[in-house]
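Notes to accompany the following structure.
The values are calculated or read from the model by the stated rules, or taken from the named source; none is laboratory data. All values reported here derive from a predicted model rather than from experimental measurement. Methodologically, a virtual Cβ is constructed for each residue, glycine included, from the backbone with ideal geometry; neighbour enumeration extends over all protein chains shown. Accessible surface areas use protein heavy atoms only, side chains included; no ligands, DNA or RNA. Shrake-Rupley method; radii C 1.70, N 1.55, O 1.52, S 1.80 Å.
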Amino acid sequence: MTNAPEAAPGRPRRTERTGVVIVVAAMMLFSMFFGAGNLIFPPILGASSGESFVPAVLGFLSSGVLLPVLAVLAIAITGRDVQDLASRGGRIFGVIFPVLIYLSIGAFYALPRTATVSFSTTITPNFGWDSWGATALFSAVFFLITLALAFDPRNIVDALGKFLTPALIILLVIMVVLGIANLHSDPGAATEEYASHPYSAGFLEGYLTMDSLAALAFGIVVVSALRQKGVPTGPSLVRGVSLSGIIAGVLLAVVYVGLGVIGHRIPDAAGYPDGASLLSAAAAQTMGRPGAWVFGLIVLLACLTTSVGLLGATSEFFAKLVPAIPYRWWAVIFTIIAFLVSTLGLSTVIAIAGPIVGFLYPAAITLIFLTLVEPLLRRRLNLTYVFSLTVAIIWSALMSADSLGWGSSWIEPLTGWAPGYEQELGWFFPTLAAAIVGYIIDLSRGAKKAVPVGGETKAEAEDRVLG
């Protein structure tokens, strides 16, 4: 039997080091994805879907797990950030689209929501505090901790991947296992939307996690982390990010299904107004008074890890966009904004953010899939991007206006013919048609060109892809 070669003195084996880094990055990615919204949406889906639970949860996993993992992979393929990715749709789109994404998942919506949801599910039920002063004090402490953890972006991987995420996963496992073991009520009747089209209803529910949008922001954090830990650019980086994304995605899927089963089995599931109250009741029924504390810790850790990831990713993006203001100043600025919004209440912000998220998702999904397809086709898809993203933006803008009641009398005849219109997926086939037209034009415009992968130079990609 031949012995394996010894590692060079003082140098750890590369496979061992890389494997540990990938696992830690996966834990970090899971923790950044898994916020309060991810915790409370699956139980409500389980309670609302009734006998249609399986197709509904598959729809949720498609948009809440598969799309975010693909988004991270798309960022890895470019080796850069969402702005570089979006620039394929044109210069204007390459600036405006990323800015809207970061603002929607950052200081003006998702970031302040982490503090508000933490307070309402951790502090109020256990201490009875519900005043403006208590909310402001809690938010101040919450965002000071967030800022401290995100102040040095090089420490985010270690802070989230090595410490906070394992604690979060342990608490989640305890809650899910006890909930599934002790809750055995028969499911109720499905609501109208889940009874008629359960998969698409679950798919749209997965939108609300915002993870596909967040993945476009978080992806570069994972790419940067793996680079800093010694993973080389190119295919090795893509493989490392892909493995991190798959591990995080599997963890998300397991937790989502477990939380959905709790909502599916809890007695009188239809009587709970939201996922937070449902899970609070499930925790109390399975663990007694300590259950409320366990649930509170789960929510607090989920929100804290997400807020650190959101603040770090948003600050890095704007530091690149406006280099005159460094990362740490952006982190302070967005911390202050998030704190102020959290103390003013989020009802108005949420009402505005819903249509904005619905407006951004079609373009985000289109961008993700084109980025993944481009290397397989071995050519630049210049007009394919421009045509399809233009149609996706216009169509989603019309859908958003229609949902708000703006001009519905003339918008519905324009968009109502598209398959999937009633399920808010009418943008898909027009966008696909535009992509096909753009690709036909791209085919007629010149020779094949290599697509850089994982941060490679163009010459490196040409040598590898074209041989």
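Considering Cα pairs under 8 angstrom that are at least six residues apart, work out the relative contact order of region 18-344 and quote it in whole percent.
Relative contact order comes out at 43 percent.
Among (i) 138; (ii) 182; (iii) 212, which is the computed volume of the Cα convex hull per residue in Å³?
Structure-derived value, by its label: (ii).
With the Cα gyration tensor of region 364-449 giving a ≥ b ≥ c as the square roots of its eigenvalues, does the rule (a/c under 1.5 for rounded; else a/b larger than b/c for prolate; else oblate) give rounded, prolate or oblate?
It is prolate, given that a/c is not under 1.5 and a/b is the larger ratio.
Sort E424, E51, E205 from largest to smallest accessible area, using a 1.4 Å probe on the heavy atoms of the protein chains.
The residues order as E51, E424, E205, largest area first.
Report relative contact order for region 180-333 in percent, whole number only (criteria: Cα-Cα under 8 Å, sequence separation at least 6).
27
Ordering K229, K320 by how much accessible area each has at a 1.4 Å probe, largest first, what is the list?
K320, K229
Can you tell me the FRET efficiency between A167 and V322 if r is taken as the Cβ-Cβ distance and R0 is 41 Å, rounded to the nearest 0.05?
Plugging the Cβ-Cβ distance into 1/(1 + (r/R0)^6) gives 0.70.
Quick check: with the 1.4 Å probe, what order do V373, V341 take by accessible area, largest first?
Result of the area sort, largest leading: V373, V341.
How much length is gained if the chain between R445 and A148 is pulled fully straight, taking 0.36 nm per residue apart and subtracting their Cα-Cα distance, in nm to one decimal?
Result for the pair: 101.8 nm of gain on full extension.
Per DSSP H run of at least 4 residues, take -39500 (n - 2.57); add these up for the chain, divide by its residues and hand me the 222 nm value, nearest 500 deg cm²/dmol.
Computed ellipticity for the chain at 222 nm equals -24000 deg cm²/dmol.
So between E192 and L58, what do we pick up on full extension, going 0.36 nm a residue minus the alpha carbon distance?
Contour length minus the Cα-Cα distance gives 46.5 nm.
How much length would be gained if the chain were fully extended between L344 and R227, taking 0.36 nm per residue of separation minus their Cα-Cα distance, in nm to one decimal?
Contour length minus Cα-Cα distance gives 38.1 nm.
So, in Å, what gap is there between the alpha-carbon centers of region 230-284 and region 180-225?
Using only Cα atoms, the two centres lie 9 Å from each other.
Under a point spin-label approximation (7 Å from Cα along Cα-to-Cβ), what is the D268-F429 distance to one decimal in nm?
Roughly 4.5 nm, to one decimal.
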